[in-house]
Amino acid sequence: MYSEADADAPHVRAADRAFPIGPAPARESYLSIERVVGAARDARVDAVHPGYGFLSENWRFAEACQKAGVTFVGPPPEVLRTMGQKTEARRLVARAGVPVLPGSDGPVASAGAAREVADAIGYPVMLKAAAGGGGIGMALVPGPERLEAAFAAAERRAGSAFGDAAVYVERAVERPRHVEVQVLGDEHGTLIHLFERDCSIQRRHQKLVEESPAPCLDLDLRTRLHAAGLRVAAAAGYRNAGTVEFLVEGDHFYFLEMNTRLQVEHPVTEEVVGRDLVEAQLRIAAGERLGWAQAAVVTRGAAVECRIYAEDPDRNFLPSPGTVTALELPDGPGLRHECGVEPGSVVSVHYDALLAKVIAAGRDRNQALDRMADALERYRVEGVKTTLPLHRRILTSPAFRAGAVHTRFLEGGL
């Protein structure tokens, strides 16, 4: 399916059949449940894979697919609804015995109510969209003097991004690591983890670099994270692929959210465990048994992914729309590319600025990072500004090479 803005995109031309679903604005195409389900009916498909964004975590879309007799490749609507409401998810996770950060019991109705919670749990605090996820619309509030303005801004962003302006309060961890556990579950009772990924290198709470295994985690903490990820998934009655995300502070960790979909960084896990997550998703959605015992899933080496965005990192990651005039993807051992553009592609203002992902795998972390650093030096994109220069600096940073990562890593400058 494609919008008018993507009519000539490489993935549309690569498809056996492609169906137009509306104008460029996402709300009139990719976010229109009616149009997407209508295209599925027109195509006479038996399943819809929702991808990474747009409607991928929308329980109403999953329910509409169900009513239309089309299988939604993901968890059931009720799981999407529960885990999509962040305050409800926090309560479920806490009942499962998984640590959560102190915060409001539910959405707060006003800046005054938010101030009461913040005064009780202590600053700094984070304001978050109750219906959101993926770091969108979050606001760090270091002290009471900034709370009122931050609350108004958080409500606006939540309403714009998710159609729900509800906001809740949570204690902020200032320099945590962001570590996530990949889980898979089928409808026959199998529930396993596929180890973890570190996603701490971020800008505006959005990931730039992901790797597995997570560096500098001792065996005890790693094991506890895996077990907590499975407890969350079991408590939610989870099926299909999902990711349980945690903030890690020293030897402690706290539930952040659950991404009830395939992640952009899933190739990192695929390279490390040698399993195809999309195939697993489709088989689970078809009612098959996963067929993977936990003990049979083992890691082999390490992998890292860099997300290449059409943004200018020297101008606070300002989007850089335009036409890609040249593109060269480097070859080499252990390299994998997932690219959505080609020479002549127009980078639109309408959608996410992600151009491509490059994944490097190796026998260990050092080899994977060496391969990535070499690939980034040979990677070439012209016509738009990209994050490539920043990625090159990250990969050669002594702190990054030592695994000394956290979510505010880029704020110190490189």
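The values are calculated or read from the model by the stated rules, or taken from the named source; none is laboratory data. Computed from a prediction, not measured in an experiment: that's the story for all the values here. Please note: Cβ atoms are built from the backbone with ideal geometry, for glycine as well, and neighbour counts cover all protein chains shown.
For the reader, a short list of remarks on this structure follows.
- The criterion of at least 2 residues that are surrounded by 19 or more Cβ atoms within 10 Å (Cβ to Cβ) and aromatic (Phe, Trp, Tyr) is met by the following helices (runs of 4 or more DSSP H) wholly inside the stretch 55-150: 59-67.
- Residue in the stretch 151-168 that is among the acidic types (Asp, Glu) and free of Cβ contacts under 8 Å to residues at least 12 places away in the same chain present: no
- Sole residue being closer than 19 Å to Ala158 by Cβ and not assigned by TED's automatic domain parsing to the domain that holds Ile284, chosen from Ala114, Ala64, Ala47: Ala114
- Selection within the stretch 250-269 - assigned to a loop (DSSP other than H, G, I, E, B) and of a type in the set (S, T, N, Q): Thr260, Gln263
- Where Thr260 falls short, out of the listed (1) under 18 Å from Leu101 (Cα atoms); (2) among the β-branched types (Val, Ile, Thr); (3) in contact with an Asp or Glu (Cβ under 7 Å, 6 or more places away or on another chain): (1)
- Subset of the stretch 358-384 (residues that are under 24 Å from Cys216 (Cα atoms), outside any helix (DSSP H, G or I) and touching a Gly at 6+ places or on another chain (Cβ under 9 Å)): Ile359, Ala360, Ala361, Gly362, Arg363, Asp364
- Flag for Val405 being closer than 20 Å to Glu328 by Cα, part of a loop (DSSP other than H, G, I, E, B), among the hydrophobic types (A, V, I, L, M, F, W, C) and out of contact with any Phe, Trp or Tyr (no Cβ under 7 Å at 6 or more places or on another chain): no
- Cβ-Cβ contacts under 6 Å between residues 6 or more apart (or on different chains), taken from a first residue in the stretch 325-346 that is in the same structural domain as Arg300 (by TED's automatic domain parsing) and within 17 Å of Leu376 (Cβ to Cβ) to a second residue that is part of a strand (DSSP E or B) and basic (Lys, Arg), are listed as Glu328/Arg380; Glu338/Lys357.
- Candidates are the residues of the stretch 381-405 that are of a type in the set (S, T, N, Q) and in contact (Cβ under 8 Å) with a residue 24 or more places away in the chain; the one that is nearest to Asp370 (Cα to Cα) is Thr387.
- Residue within the stretch 171-183 that is crowded, with 22+ Cβ neighbours inside 10 Å, among the polar types (S, T, N, Q), under 22 Å from His49 (Cβ atoms) and outside the structural domain of Pro124 (by TED's automatic domain parsing) present: yes
Conditions (1) at pLDDT 95 or above; (2) out of contact with any Pro (no Cβ under 7 Å at 6 or more places or on another chain); (3) among the basic types (Lys, Arg), marked per residue:
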site	(1), (2), (3)
Val12	yes, yes, no
Ile21	yes, yes, no
Ala47	yes, yes, no
Tyr52	no, yes, no
Arg60	yes, yes, yes
Cys65	yes, yes, no
Val70	yes, yes, no
Pro76	yes, yes, no
Pro99	yes, yes, no
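- Scan the stretch 347-375 for residues that are of a type in the set (Gly, Ala, Ser) and either over 24 Å from Asp312 (Cβ atoms) or in contact (Cβ under 8 Å) with a residue 60 or more places away in the chain (or both) and the total you get is 5.
- Enumeration of residues in the stretch 325-364 that are within 21 Å of the chain's Cα centre (by Cα) and of a type in the set (Asp, Glu): Glu338, Asp352
- The stretch 273-288, residues that are more than 20 Å from His49 (Cβ to Cβ) and either of a type in the set (Ser, Thr, Tyr) or assigned to a loop (DSSP other than H, G, I, E, B) (or both): Gly274
- Evaluation of Trp292 against (1) of a type in the set (A, V, I, L, M, F, W, C); (2) in contact with a Gly (Cβ under 8 Å, 6 or more places away or on another chain); (3) at pLDDT below 95 (one fails), failing number: (2)
- Members of the stretch 372-386 found to be under 21 Å from Ala361 (Cα atoms) and either of a type in the set (Val, Ile, Thr) or surrounded by 14 or more Cβ atoms within 10 Å (Cβ to Cβ) (or both), listed by number: Met372, Ala373, Asp374, Ala375, Leu376, Tyr379
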